[in-house]
Amino acid sequence: MEKGINYWHAMSDPALLEMLGKFIQQTRLQQNKTQQQVASAAGVNRSTLVQIENGGGATMLSLLQVLRALGQLQLFQNFEVKQPQLSPLQLAKLEQNKRQKASRKKNLTEKSKSDW
């Protein structure tokens with residue numbers, strides 16, 4: 001059963017960190033890797049990996065390095081900013097609205113002629 005968005009919002013930050021740590025630990029165990037192997041591959045201390053697996057806070061960089069070492073960077077697909085798909089007609093309209101020339105700058109040193 002997939003968990004709804006309200007479920008994720010209802011969880012506390014420590015609970016989310018704990019769930020992330022369990023995910024990393026289970027992934028590591030499924031790959032039959034020791035903490036030291038993953039930590040070395042990630043370029044972090046083993047104690048950092050232990051802290052992450054126990055639901056403790058870690059830097060984003062450490063988390064990325066661990067996920068990369070475990071081959072789990074695809075988790076970030078949901079964060080990718082996608083450009084909207086435009087139809088050829090919409091593209092043509094945008095192309096028409098593009099400026100073709102720069103506007104002429106007015107000469108600021110000329111004084112306007114007035115009858116005063």
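Of everything in segment 15-38, what is assigned to a helix (DSSP H, G or I) and closer than 11 Å to residue 70 by Cβ? Give them in sequence order.
Selection gives 23, 24, 25, 26, 27, 28, 29, 30, 37, 38.
When you check residue 41 against the structure, is it surrounded by 10 or more Cβ atoms within 10 Å (Cβ to Cβ), part of a helix (DSSP H, G or I) and not aromatic (Phe, Trp, Tyr), yes or no?
So residue 41 fits the description; yes.
Could you list, in sequence order, the residues of segment 57-74 that are exposed (fewer than 11 other Cβ atoms within 10 Å of the Cβ) and either acidic (Asp, Glu) or outside any helix (DSSP H, G or I) (or both)?
The one that is exposed (fewer than 11 other Cβ atoms within 10 Å of the Cβ) and either acidic (Asp, Glu) or outside any helix (DSSP H, G or I) (or both): 71.
Just the residues that are touching a helix residue (DSSP H, G or I) at 6+ places or on another chain (Cβ under 7 Å), closer than 19 Å to residue 73 by Cα and among the charged types (D, E, K, R), please, taken from segment 28-60.
Result: 28, 53.
Give the residues of segment 91-111 that are among the charged types (D, E, K, R) and modelled with pLDDT of 70 or more, sorted by residue number.
Across segment 91-111, the qualifying residues are 93, 95, 98, 99, 101, 104, 105, 106.
Which condition number in (1) assigned to a helix (DSSP H, G or I); (2) surrounded by 10 or more Cβ atoms within 10 Å (Cβ to Cβ); (3) free of Cβ contacts under 8 Å to residues at least 24 places away in the same chain is the one that residue 86 fails?
Residue 86 satisfies all of (1) assigned to a helix (DSSP H, G or I); (2) surrounded by 10 or more Cβ atoms within 10 Å (Cβ to Cβ); (3) free of Cβ contacts under 8 Å to residues at least 24 places away in the same chain except (1).
The values are calculated or read from the model by the stated rules, or taken from the named source; none is laboratory data. Since we're looking at a predicted model, the values are computed, not measured. Cβ sites come from the backbone with ideal geometry, for glycine too, and all protein chains shown count toward neighbours.
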